[in-house]
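Peer 1: I have a structure here, written as structure tokens, and I will follow up with some questions on it.
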Amino acid sequence: MVELHLVILVLALMLGFVASYLAVTERDLLKAVGFSSVQAIAYAIAFYILMAPDIVLAYVAIAVGIYSALLVFAISKTERYEVV
């Protein structure tokens, strides 16, 4: 049972790392916010596996909900695509 938890933890962390990289390199800002939300969900799963349910509840509400909504609102006031 412990091995299964470790495998899920490693997979969640790898998904979080990949989503973080994609969020940083993406030129479409709305897609970057989506990748950031995927990263936050992956880290919330990792926190749940590490038996920290109080952190999971706060992290999901803030990182996925409020943070993403605030960024989408800010992007709507500017250009959608990043110009380099």
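The values are calculated or read from the model by the stated rules, or taken from the named source; none is laboratory data. It should be emphasised that the depicted structure is a prediction, and the values quoted were computed from it without experimental measurement. Positions of Cβ are backbone-derived with ideal geometry, glycine not excepted, and every protein chain shown enters the neighbour counts. The area values use the complete protein model at the heavy-atom level, side chains included, leaving out ligands, DNA and RNA. Shrake-Rupley method; radii C 1.70, N 1.55, O 1.52, S 1.80 Å.
Peer 1: Can you give the accessible area of residue 43 in Å² (nearest 10), computed on protein heavy atoms with a 1.4 Å probe?
Peer 2: Accessible area of residue 43: about 50 Å².
Peer 1: List, in order, the whole-Hz ³J(HN,Hα) value for each residue of segment 8-18 obtained from phi through the Karplus relation with A = 6.51, B = -1.76, C = 1.60 and θ = phi - 60°; use x for Gly and Pro.
Peer 2: 5, 4, 5, 5, 5, 5, 5, 4, x, 5, 5
Peer 1: On to the next question. Please compute the length gained on full extension between residue 83 and residue 11, using 0.36 nm multiplied by the number of residues separating them and subtracting their Cα-Cα distance.
Peer 2: Once the chain is fully extended between residue 83 and residue 11, it gains 22.6 nm.
Peer 1: Where the convex hull is taken over the Cα atoms of the chain, what is its projected area averaged over directions, in nm²?
Peer 2: Averaging across all directions leaves 5.4 nm² for the Cα convex hull.
Peer 1: Provide the per residue accessible area, probe 1.4 Å, for the chain, rounded to a whole number of square angstrom.
Peer 2: Per-residue value: 72 Å².
Peer 1: Still on this structure, I have one more. From the C-alpha gyration tensor of segment 43-84, pull out the three semi-axes of the equivalent ellipsoid (sqrt of 5λ each), sorted largest to smallest, in whole Å.
Peer 2: After scaling each eigenvalue by five and taking roots: 30, 11, 4 Å.
Peer 1: If I stretch the segment between residue 71 and residue 27 completely, what's the gain in nm (0.36 nm per residue apart, minus their alpha carbon distance), one decimal?
Peer 2: Extra length from residue 71 to residue 27 when fully extended: 14.4 nm.
Peer 1: Below 8 Å, C-alpha to C-alpha, sequence gap of six or more: please give me the relative contact order for the chain in percent.
Peer 2: 33 percent
Peer 1: Mind giving me the nanometre distance, one decimal, between the label points for residue 3 and residue 57, set 7 Å out from Cα along Cα→Cβ?
Peer 2: A separation of 3.5 nm, rounded to one decimal place.
Peer 1: Using a Gaussian network model of the chain whose springs link C-alpha atoms within less than 10 Å, name the residue from 74, 19, 63 with the highest mean-square fluctuation.
Peer 2: 74
Peer 1: Quick one: what are the phi-derived ³J(HN,Hα) couplings along segment 73-78, Karplus 6.51/-1.76/1.60 with θ = phi - 60°, whole Hz, x for glycine and proline?
Peer 2: Each residue of segment 73-78 in turn: 4, 5, 5, 5, 8, 10 Hz.
Peer 1: Something else about it: Looking at segment 1-36, which chymotrypsin sites (Phe, Trp or Tyr not before Pro) are in a loop (DSSP not H, G, I, E or B) and have at most 14 other Cβ atoms within 10 Å?
Peer 2: Loop-located and lightly packed - none at all.
Peer 1: Round to the nearest 10 and report in Å² the accessible area of residue 80, as given by a 1.4 Å probe over the protein chains' heavy atoms.
Peer 2: Counting only protein heavy atoms, residue 80 exposes about 110 Å² to solvent.
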